[in-house]
Amino acid sequence: MAKAKREVVLDVHADCDQVLRSLAGREPGFYFESMGRLIEKGEKKESYVLTFASPRKGKLRVEVRMNRSGDSLVYELRGDAKGRLVITALPRGPRCRVYVEAEAEGKLIDQYGGEALGRAVNRVATTIISMFPATLQPRIPGGRLGDIFVELLKLLSLAHAGPGQVEAASIRSLALNLEENKVVAVDGVADEEAEKLAKLFIEGVKALNGLSTSLGTGSVQRLAMVSDSAIIYASIGGGLAVLTVIEKAKEEGK
């Protein structure tokens, strides 16, 4: 069984204890409901049980338990996903630096891939930004990417049925250095495919910037494209860009 790992770091403009208490106020299972196609949820003594659909296995069950340890909330996963998700909040001056780190293995990860764990991490992140002003601090070589990611995080709330009630089947992302014409990070995209996408995207941005300049409207900062099966969103700034492809989940009966 392959082990999946996902992580994210946020700077939150709030007291760390308040952040942890707000997150702990949610049912522990809430953060993991989007790991697969949820068909049932329930409670046991001191834990929550989530049941997901599986074409091969019929059903997959994950038991979630949460406890607080000092500056951290620790979510233990058992059953068809074994691992943990840890949320650590540490003061950084007037702000709070929040680390969300997760790893798991098991039948559910084999079925849905690392994106299953990524959705749980995304749900924690989008829950934080729905309650507090926050800035994502991706761990990408070359330093911070900054505030341009805030809108991207809000968009990722689609991964757990956001305001438009659109559920994501998968999320793939690509971070690019536009000045050096190279890929700096990928998630869910093969390296060879990433290089091809990067070349096409950079050429497209240059063309759109030329058009925007001719119109006197400045440089392109954000792009959004909607197709029948996906939403493609790009956030651009500081010589960097993040391209995200959110594939829509199919509606029942279609």
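Things to note:
- Flag for residue 58 being exposed (fewer than 14 other Cβ atoms within 10 Å of the Cβ), farther than 27 Å from residue 131 by Cα and more than 22 Å from the chain's Cα centre (by Cα): yes
- Test for residue 77: is it closer than 13 Å to residue 128 by Cβ, among the hydrophobic types (A, V, I, L, M, F, W, C) and open to solvent by less than 20 Å² (accessible area, probe 1.4 Å): no
- Residue match in segment 24-32 (condition: under 22 Å from residue 107 (Cβ atoms), open to solvent by 20 Å² or more (accessible area, probe 1.4 Å), hydrophobic (A, V, I, L, M, F, W, C) and in contact with a strand residue (DSSP E or B) (Cβ under 6 Å, 6 or more places away or on another chain)): no
- The set of residues from segment 38-70 being in contact with an Asp or Glu (Cβ under 6 Å, 6 or more places away or on another chain), modelled with pLDDT of 90 or more and polar (S, T, N, Q) comprises just one member, 51.
For (1) surrounded by 14 or more Cβ atoms within 10 Å (Cβ to Cβ); (2) farther than 24 Å from residue 36 by Cα; (3) of a type in the set (Gly, Ala, Ser); (4) modelled with pLDDT of 75 or more, each residue gets a yes or a no:
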| position | (1), (2), (3), (4) |
| --- | --- |
| 150 | yes, yes, no, no |
| 174 | yes, no, no, yes |
| 187 | yes, no, no, no |
| 242 | yes, yes, no, yes |
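- The set of residues in segment 89-109 being assigned to a strand (DSSP E or B), of a type in the set (Val, Ile, Thr) and touching a Gly at 6+ places or on another chain (Cβ under 9 Å) is empty.
- When residues of segment 219-240 are limited to those that are outside any loop (DSSP other than H, G, I, E, B) and in contact (Cβ under 8 Å) with a residue 60 or more places away in the chain, the one least open to solvent (accessible area, probe 1.4 Å): 235
- Segment 80-91 - residue that is without any contact (Cβ under 8 Å) to a residue 60 or more places away in the chain and open to solvent by less than 20 Å² (accessible area, probe 1.4 Å) and, of those, farthest from residue 105 (Cα to Cα): 85
- Residues of segment 30-81 classified as of a type outside the set (Gly, Ala, Ser), assigned to a strand (DSSP E or B) and in contact with a helix residue (DSSP H, G or I) (Cβ under 8 Å, 6 or more places away or on another chain), total: 14
The values are calculated or read from the model by the stated rules, or taken from the named source; none is laboratory data. Keep in mind that what you see is a predicted model, and the values were worked out from it rather than measured. Glycine gets a Cβ as well: all are built from the backbone with ideal geometry, and neighbour counts include every protein chain shown. Just the protein is used for accessible areas: all its heavy atoms, side chains included, with ligands, DNA and RNA removed. Shrake-Rupley method; radii C 1.70, N 1.55, O 1.52, S 1.80 Å.
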